[in-house]
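The values are calculated or read from the model by the stated rules, or taken from the named source; none is laboratory data. Remember, it's a predicted structure, so these values are computed and weren't measured experimentally. So basically every Cβ, Gly included, is an ideal-geometry build from the backbone, and we count neighbours across all protein chains shown.
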Amino acid sequence: MPQLAFASSFWESYDVLEKPVKAGVRKAMEKFQRLTVAELYADKGLHLESVDKARDPRMRTIRINDFWRGVVLAPDDGSDVFLLVNVVPHDDAYIWAAKRLYTTNSATRGLEVRNVVAIEQLTPALEKAAATADSLLFAKYSDTVLRELGIDDQVLRAVRTIVDKPQLQAFETLLPEDQCEVLQYLAEGFKPEDVYRDVVALRRPLDAGPAPEESLAVAIANTASRITLVTGPEELADVLEKPFAAWRVFLHPSQRRVAYRVSYGGPVQVTGGPGTGKTVAALHRVRHLLTRSADARVLLTTYTNALAASLRENLSVLLDGDPSLLDRVDVTTVNAYAHAVVTRHDGKVLSPVNDRDERQLWQKVAKQLRLPWTDQFLAQECRHVILAQDVRTLDSYRAASRRGRGSALSPARREELWSAVELFESLLLARKATTHLRICARAADLLAASSPTHDHVVVDEAQDLHPAQWRVLRRAVEHGSDDLFITGDPHQQIYDSKVSLGSLGIPVTGRTHRLRVNYRSTEEILAWSTRILTPVSVEDLGGEGSDTLAGYRSLLHGRRPRVDGHGSEQAEVASLVERVQEWIAQGIRPSEIGVCARFNVLLDKAHDRLAAAGVPVARIKDHPGPDADGVRLATMHAMKGLEFRCVAVLGVTASAVPFAREVTPATVDALQHESDLLRERCLLFVACTRAREALAVSWSGTVSPFVPQEN
Ligand SMILES: Nc1ncnc2c1ncn2[C@@H]1O[C@H](COP(=O)(O)OP(=O)(O)OP(=O)(O)O)[C@@H](O)[C@H]1O
């Protein structure tokens, strides 16, 4: 009986197929397990046939249904493993298959694929351009060095034309995988011997002889990182059920470099635009820290409970559910961790009030003391000065820096303000309540007086943490090597916190890395969304300079976002229903569609209209599990960290984005005004960058000033 293997290129196309097509794939695959090779070729339904003018004579197509074809690499050397490499619409299948050539890498011995036709067509013109170029990217490496790393003749010729990293990037989808990865490492500045150790030696079989073994089956067996070999029917059902998670194995060299560096001398910061794999890098770092030592305990934190649940799930996938590793990781939000620390010590914790109640308390304080400030101003002074600097007495408040606040306070005013803070705290106490940041302050005190709870802390979505939360994390772990690994993106900061990591005992200077390749969205979605931020500059994560999205790019392409104004909210929601139905008709599952708005009021309308049209719906705040059906609805804030194949952002009007009530008037505090506006702008950016393939942005009435205007 033949055997069946699946290449990673197959999963990328299979994952997004409609259910009936997937069923067709399963049916065809079952035949490979039931029939002999001769029977396979004779099977009328399967239609296993060779491809006209194929550059690889082993290329075959199989029929899935009238429209879809599978592309298969068939053994011609007496071995019996068939490799399923792609599922493509009928006509494209022949074109795709004809151009591909599979070869065995001379160094790693893995099976690789290249677009041989494109490389042949491009190389002569590039050679001409290279002849007059000032410098070439790989000039300092001899042919011998490159060949030892597995670069073959055709690739070598192409490599000698590459002038810079962008040109290498343009080649990425054409070159054989292992060879491409070697070149990326060299381009990142790794030494050939390091590349040999980290890429080649890791993959090369221990018993590899002097020349590559020719059998396809052996090459397939050597390519565990990209090919899954399936032996029985249950295993087949299992692999076809579970979506393939490419991020588990294929790290970009820049991701691998940050995640698998043996050790860092202190805190590390990894930044990058949306979808650049920061969460993926954080998960791989956790794996590295756990496997490096048999008893290390890791605290992995993120911002919301929903994100913590998704981290837990993905970590379990990455660690293959191994309890000896998983039991040593605590995955939680900073607030939940602080809560647990306080509960452990004090026996109980006062319950935290929500934002609305907190605002009401401040209103009461302002009224009772007849203060000249708004509740918003008081809440901000407390958050950005008092809690941020951990000010506990009037004396230290008198001396506290108010940098970043755009209004002066005389000593007498500070006294008045301090009495407001005291009244606020007594009102809280009377309610037997507290706030999350006060729980964090208590937890930080307790941790300072006891020993650290973990050996390593890994922080995802770091951009929104408040200094009081950073103090907790700082004290959860001893100062020293590999203490904190921090990932975040200041362009996605949607809550207001001003943080200087250095002043909190978290110096990251010299240990800052940036990821630039977006794996989530198409270049069209990315380019449009990035323009939302063009008019502003954003401070870096550590609060020590500004950050930029320069060099940020995607390798994926698709349609440009749809950007539509409507005469009324009703018309806008009606158009949303149409759009969602269109997406579903294209084969997108409802759960792969996200709909968001600034406020729940509009979301409720969208919910009702979608449901009335027979579209299944689920609200993110109800925590639908990954398997629950239904278009996901969420506020823009709740979209943080999530991703969907299609996203509709509703209600992007001038009155909602920015939302005036959330923006401090410039007359009250000019700096705070700017900062609040920036948060609202980032919120729209976060919402739009959740989309993988399709983005639709809409409004009724006057458009938000943050929506990029057509050029
Ligand atoms: N090396 C990789 N290969 C394939 N897919 C990847 C890789 N790295 C990340 N991805 C995928 O890209 C998407 C974005 O990754 P991730 O969520 O880690 O990005 P992020 O930088 O944390 O995003 P954000 O800041 O927007 O929350 C995910 O679907 C992830 O699985």
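Is it the case that segment 501-512 has a residue that's in contact (Cβ under 8 Å) with a residue 12 or more places away in the chain and within 16 Å of the ligand (Cβ to nearest atom)?
Within segment 501-512, one or more residues are in contact (Cβ under 8 Å) with a residue 12 or more places away in the chain and within 16 Å of the ligand (Cβ to nearest atom).
If you check A139 against the conditions, is it at pLDDT 95 or above, of a type outside the set (K, R), out of contact with any helix residue (DSSP H, G or I) (no Cβ under 6 Å at 6 or more places or on another chain) and closer than 30 Å to E18 by Cβ? I'd like the intermediate steps shown before the answer.
Values: at pLDDT 95 or above: yes; of a type outside the set (K, R): yes; out of contact with any helix residue (DSSP H, G or I) (no Cβ under 6 Å at 6 or more places or on another chain): yes; closer than 30 Å to E18 by Cβ: no.
The answer is no for A139.
Would you mind finding the one in A618, A634, A648 that is outside any loop (DSSP other than H, G, I, E, B) and touching a Cys at 6+ places or on another chain (Cβ under 6 Å)?
On the way: A618 fails: touching a Cys at 6+ places or on another chain (Cβ under 6 Å); A648 fails: touching a Cys at 6+ places or on another chain (Cβ under 6 Å).
On inspection, the qualifying residue turns out to be A634.
If a residue must be among the hydroxyl-bearing types (S, T, Y) and under 17 Å from the mean Cα position of the chain (by Cα), how many such residues does segment 508-552 contain? Full working, then the answer.
To start, the set of residues in segment 508-552 that are among the hydroxyl-bearing types (S, T, Y) comprises 509, 512, 519, 521-522, 529-530, 534, 537, 546, 548, 552.
From what is left, the residues that are under 17 Å from the mean Cα position of the chain (by Cα) are 519, 521-522, 529-530, 552.
Final tally of qualifying residues: 6.
I'd like to check something: does segment 521-543 contain any residue that is assigned to a strand (DSSP E or B), touching a Leu at 6+ places or on another chain (Cβ under 8 Å) and within 15 Å of the ligand (Cβ to nearest atom)?
Residues of segment 521-543 assigned to a strand (DSSP E or B): 538-539.
Of the ones still in play, those that are also touching a Leu at 6+ places or on another chain (Cβ under 8 Å) are 538.
Keeping just the survivors that are within 15 Å of the ligand (Cβ to nearest atom) gives 538.
For segment 521-543, residues assigned to a strand (DSSP E or B), touching a Leu at 6+ places or on another chain (Cβ under 8 Å) and within 15 Å of the ligand (Cβ to nearest atom): present.
Inside segment 11-42, can you point out the residues that are assigned to a loop (DSSP other than H, G, I, E, B) and touching a strand residue (DSSP E or B) at 6+ places or on another chain (Cβ under 9 Å)?
Here is the first cut: in segment 11-42, the residues assigned to a loop (DSSP other than H, G, I, E, B) are 15-18, 35-36.
Once the filter is applied, which keeps residues that are assigned to a loop (DSSP other than H, G, I, E, B) and touching a strand residue (DSSP E or B) at 6+ places or on another chain (Cβ under 9 Å), segment 11-42 yields V16, L17.
Within segment 671-697, count every residue that is among the polar types (S, T, N, Q) and either more than 16 Å from the ligand (Cβ to nearest atom) or in contact with a strand residue (DSSP E or B) (Cβ under 7 Å, 6 or more places away or on another chain) (or both). Working first, answer last.
First, the residues of segment 671-697 that are among the polar types (S, T, N, Q): 672, 675, 689.
Still in the list and also either more than 16 Å from the ligand (Cβ to nearest atom) or in contact with a strand residue (DSSP E or B) (Cβ under 7 Å, 6 or more places away or on another chain) (or both): 672, 675.
Total meeting the criteria: 2.
Just wondering, is there one or more residues in segment 454-467 that are more than 16 Å from the ligand (Cβ to nearest atom), out of contact with any strand residue (DSSP E or B) (no Cβ under 9 Å at 6 or more places or on another chain), of a type outside the set (S, T, N, Q) and in contact (Cβ under 8 Å) with a residue 60 or more places away in the chain?
Of the residues in segment 454-467, the ones more than 16 Å from the ligand (Cβ to nearest atom) are 454-457, 466-467.
Pick out the ones that are also out of contact with any strand residue (DSSP E or B) (no Cβ under 9 Å at 6 or more places or on another chain) and you get 466-467.
In the following step, the residues that additionally are of a type outside the set (S, T, N, Q) were identified as 466-467.
Add one more test, that the residue is in contact (Cβ under 8 Å) with a residue 60 or more places away in the chain, and what stays is 466-467.
Among the residues of segment 454-467, at least one is more than 16 Å from the ligand (Cβ to nearest atom), out of contact with any strand residue (DSSP E or B) (no Cβ under 9 Å at 6 or more places or on another chain), of a type outside the set (S, T, N, Q) and in contact (Cβ under 8 Å) with a residue 60 or more places away in the chain, which makes the answer yes.
Could you list, in sequence order, all residues of segment 252-282 that are under 22 Å from D330 (Cα atoms), within 13 Å of the ligand (Cβ to nearest atom) and in a loop (DSSP other than H, G, I, E, B)?
Within segment 252-282, Y260, G277 qualify.
Working carefully through the options A613, A597, A638, A634, find the one that is out of contact with any strand residue (DSSP E or B) (no Cβ under 6 Å at 6 or more places or on another chain), among the small types (G, A, S), closer than 26 Å to R520 by Cβ and at pLDDT 95 or above.
On the way: A613 fails: closer than 26 Å to R520 by Cβ; A638 fails: at pLDDT 95 or above; A634 fails: out of contact with any strand residue (DSSP E or B) (no Cβ under 6 Å at 6 or more places or on another chain).
Testing whether each residue is out of contact with any strand residue (DSSP E or B) (no Cβ under 6 Å at 6 or more places or on another chain), among the small types (G, A, S), closer than 26 Å to R520 by Cβ and at pLDDT 95 or above leaves just A597.
Any idea which of V668, V601 is surrounded by fewer than 21 Cβ atoms within 10 Å (Cβ to Cβ), touching a residue at least 60 places away in the same chain (Cβ under 8 Å) and away from the ligand (no atom under 16 Å from the Cβ)? Explain how you work it out, then say what you get.
Numbers: V601 fails: touching a residue at least 60 places away in the same chain (Cβ under 8 Å).
Selected residue: V668, the only one of V668, V601 that is surrounded by fewer than 21 Cβ atoms within 10 Å (Cβ to Cβ), touching a residue at least 60 places away in the same chain (Cβ under 8 Å) and away from the ligand (no atom under 16 Å from the Cβ).
Pairs, please: C-beta under 6 Å, at least 6 apart or cross-chain, first residue of a type in the set (S, T, N, Q) and in segment 119-135, second assigned to a helix (DSSP H, G or I)?
T123/R157; T123/A158
This table checks each residue for (1) modelled with pLDDT of 95 or more; (2) within 30 Å of S419 (Cα to Cα); (3) touching a helix residue (DSSP H, G or I) at 6+ places or on another chain (Cβ under 7 Å).
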residue: H288; (1), (2), (3): no, no, yes
residue: R292; (1), (2), (3): no, no, no
residue: L307; (1), (2), (3): no, no, no
residue: S310; (1), (2), (3): no, no, no
residue: L319; (1), (2), (3): no, no, yes
residue: D327; (1), (2), (3): yes, no, no
residue: V341; (1), (2), (3): yes, yes, yes
residue: V349; (1), (2), (3): no, yes, yes
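Mind checking which residues of segment 567-597 are without any contact (Cβ under 8 Å) to a residue 60 or more places away in the chain, part of a helix (DSSP H, G or I) and among the hydrophobic types (A, V, I, L, M, F, W, C)?
Passing the criteria: A574, V577, I584, A585.
Could you tell me which numbered condition L146 fails, if it satisfies all but one of (1) surrounded by fewer than 16 Cβ atoms within 10 Å (Cβ to Cβ); (2) under 21 Å from L111 (Cα atoms)?
Evaluating L146 over (1) surrounded by fewer than 16 Cβ atoms within 10 Å (Cβ to Cβ); (2) under 21 Å from L111 (Cα atoms) leaves (1) as the failure.
Would a scan of segment 203-210 turn up a residue that is part of a helix (DSSP H, G or I) and touching a residue at least 60 places away in the same chain (Cβ under 8 Å)? Spell out how you get there, then give the answer.
Start the filter on segment 203-210 by keeping residues that are part of a helix (DSSP H, G or I), which leaves 203.
Cutting the leftovers down to touching a residue at least 60 places away in the same chain (Cβ under 8 Å) gives us 203.
Yes.
If I ask for residues that are touching a strand residue (DSSP E or B) at 6+ places or on another chain (Cβ under 8 Å), farther than 20 Å from R516 by Cβ and in a loop (DSSP other than H, G, I, E, B), which ones from segment 175-202 would you list?
Within segment 175-202, just P176 meets the criteria.
Which residue pairs have Cβ atoms under 9 Å apart, sit 6 or more places apart or on different chains, and have a first residue in segment 367-392 that is closer than 10 Å to L417 by Cβ and a second that is assigned to a loop (DSSP other than H, G, I, E, B) and aromatic (F, W, Y)?
Correct list of pairs: E381/W373.
Could you pull out the residue among N105, N115 that is in contact with a helix residue (DSSP H, G or I) (Cβ under 8 Å, 6 or more places away or on another chain), surrounded by 14 or more Cβ atoms within 10 Å (Cβ to Cβ) and touching a residue at least 60 places away in the same chain (Cβ under 8 Å)? It would help to see each step written out before you state the result.
On the way: N115 fails: touching a residue at least 60 places away in the same chain (Cβ under 8 Å).
From the options N105, N115, the qualifying one is N105.
Looking only at segment 61-104, how many residues end up being among the basic types (K, R) and at pLDDT 95 or above?
Residues of segment 61-104 among the basic types (K, R): 63, 69, 99-100.
With the extra rule that they be at pLDDT 95 or above, the set shrinks to 99-100.
Result for segment 61-104: 2.
Do you know which residues across segment 212-251 are assigned to a helix (DSSP H, G or I) and either in contact with a helix residue (DSSP H, G or I) (Cβ under 9 Å, 6 or more places away or on another chain) or at pLDDT below 80 (or both)? Show your work before the answer.
In the first step, residues of segment 212-251 are kept if they are assigned to a helix (DSSP H, G or I); the result is 216-221, 233-241, 246-248.
Matches in segment 212-251: P233, E234, E235, L236, A237, D238, V239, L240, E241, A246, W247, R248.
Out of curiosity, is D77 in a loop (DSSP other than H, G, I, E, B) and charged (D, E, K, R)?
The answer is yes for D77.
From (1) among the charged types (D, E, K, R); (2) more than 16 Å from the ligand (Cβ to nearest atom); (3) under 21 Å from T304 (Cα atoms), pick out the condition that doesn't hold for K640.
The failed condition is (2).
So in segment 549-566, with the set limited to residues that are farther than 20 Å from C682 by Cα and of a type in the set (A, V, I, L, M, F, W, C), which one is surrounded by the fewest Cβ atoms within 10 Å (Cβ to Cβ)?
In this case the residue turns out to be L555.
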